[in-house]
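This report concerns only the one structure given below.
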Amino acid sequence: MGDNDTERAVKVPLLWVGLDDLPLLSSNQVLTQVDQDHVFLSFGTATPPVLMGDQEQVRDQAKKISYVPVKGIARLAISRRHLGDLIDVLQKTAEKFDAQRGE
């Protein structure tokens, strides 16, 4: 067997299907965790509490809040091997977004 698998590999394009069937969720919080083989990405939404009244009343209400809950909406695991690809895609997306906005 002189050939290795890389030399015999055939490239086949990927076709994304079913994306329109997935819910579109909004996230304003991200939590990351790592283990030996994977990076875990947890996405959630935190809604600021409603505080009403004058400055002193708002301050008093805020002092009584022990935490703001984050409602988890998705949890993904990605291998360390593919983490660099994700970072590259996100960086290119941010650059494209900023270019469209003229920043």
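The values are calculated or read from the model by the stated rules, or taken from the named source; none is laboratory data. None of the values given here were measured: they were computed from a predicted structure. Cβ coordinates were reconstructed from backbone atoms using ideal geometry, including for glycine residues, and neighbour counts include every protein chain displayed. SASA here: full protein model, heavy atoms, side chains in, ligands and nucleic acids out. Shrake-Rupley method; radii C 1.70, N 1.55, O 1.52, S 1.80 Å.
Odds and ends about this structure:
- Here the chain is assigned +1 on the Cβ of each Lys and Arg and -1 on the Cβ of each Asp and Glu. Its dipole about the Cα centre then comes out at about 300 debye.
- Taking θ as phi - 60° and the Karplus parameters 6.51, -1.76 and 1.60, the scalar couplings of the stretch 54-69 work out to 6, 4, 5, 5, 5, 4, 5, 5, 5, 5, 7, 8, 8, 6, 10, x Hz in sequence order, x denoting glycine and proline.
- Solvent-accessible area, 1.4 Å probe, carbon plus sulfur percent, for the chain: 56 percent
- Normalised Debye scattering of the stretch 43-103 at q = 0.14, 0.16, 0.24 Å⁻¹ gives log10 I(q)/I(0) of -0.74, -0.79, -0.98, counting only Cα atoms as equal scatterers and leaving out solvent.
- Restricting the stretch 1-87 to trypsin sites (Lys or Arg not before Pro) in coil, as DSSP defines it, with at most 14 other Cβ within 10 Å: Lys11, Lys64
- Average accessible area per residue (Å²) across the stretch 25-93 - probe 1.4 Å, nucleic acids and ligands excluded: 85 Å²
- Restricting the stretch 26-103 to chymotrypsin sites (Phe, Trp or Tyr not before Pro) that sit in a DSSP loop and have at most 14 other Cβ atoms within 10 Å of their own Cβ leaves Tyr67.
- All Cα-Cα separations within the chain were binned at 10 Å from zero, giving a P(r) of 10, 20, 30, 21, 11, 3, 2, 1, each value a whole percent of the pairs.
- Dipole axis of the stretch 15-103 (+1 Lys, Arg; -1 Asp, Glu on Cβ), positive-most option in Phe97, Gly84, Ala62: Ala62
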